[in-house]
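Following: one structure in structure tokens, then a few remarks.
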Amino acid sequence: MKNIIMVSTAVVSVASIGYAIYTGRKMDKLYTLTVDSLAGKVDVKISDELIHDAVQVAVNREATNRVRTEANSATAAIKAKIYSEIKTSVDASFSDIKTSVTSEAARQVSNIDILALKKEVREKAKEEVLKKFNNELDTLLNDFNQNLTNVSKIYSSIAENMTKNKETVIKLG
């Protein structure tokens, strides 16, 4: 019984596929016949004005693209030329400026009074050393005073303890 059902299902499936293929081919032929028969019988008229407008839009689009391309190209060329001219000008000016700056720097250095400069440096160094030394002396003085106060407290404490805890014994003879 199972075999009969399987065989009948397979036969129905094959028949369905065949019918689908047959119907598809008929539809293709019908469509082709319809399109072909209509194409031969129908006249399509396009007005000259519509053609003119479409051509005008295409021309405008192409002209805009060309203008944009040429403008970008011209801009790039102008930028390159300006950059080149600036570089050439700066390079030419550099040697002139270098010579005058070198001469002026040499003149300014030759005008420096070495002895006065040495004296000024010594004075500044002396001031800085004195500031540092004074700071160190202040620190040492503070440390010494603190230690002296601590020693004084210790001796006072010892003296206080000696007078409280001891009896004075005097021996005669």
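Nothing in this text is a laboratory measurement; each read-out follows from the coordinates by a stated rule. Computed from a predicted model, the values in this text were never measured in an experiment. All Cβ positions, glycine included, derive from the backbone under ideal geometry; neighbour counts span all protein chains shown.
What to note about this one:
- Its Cα gyration tensor gives region 114-162 an equivalent ellipsoid; the semi-axes, largest first and in whole Å, are 47, 5, 4.
- Distance between the modelled labels on residue 25 and residue 12, one decimal in nanometres: 2.5 nm (7 Å Cα→Cβ projection).
- As a proxy for reagent exposure, 110, 152 were ordered by neighbouring Cβ count within 10 angstrom, fewest first; the result is 110, 152.
- Compared with the alpha-carbon gap, the fully stretched path from residue 158 to residue 83 is longer by 17.7 nm at 0.36 nm per residue.
- As a calculated quantity, the FRET efficiency between residue 140 and residue 109 at R0 = 41 Å, using C-beta atoms, amounts to about 0.40.
- Listed by chain and number, the aspartates and glutamates whose alpha-carbon sits under 18 Å from that of residue 81, ignoring those within fewer than 8 places in the same chain, are 70, 91.
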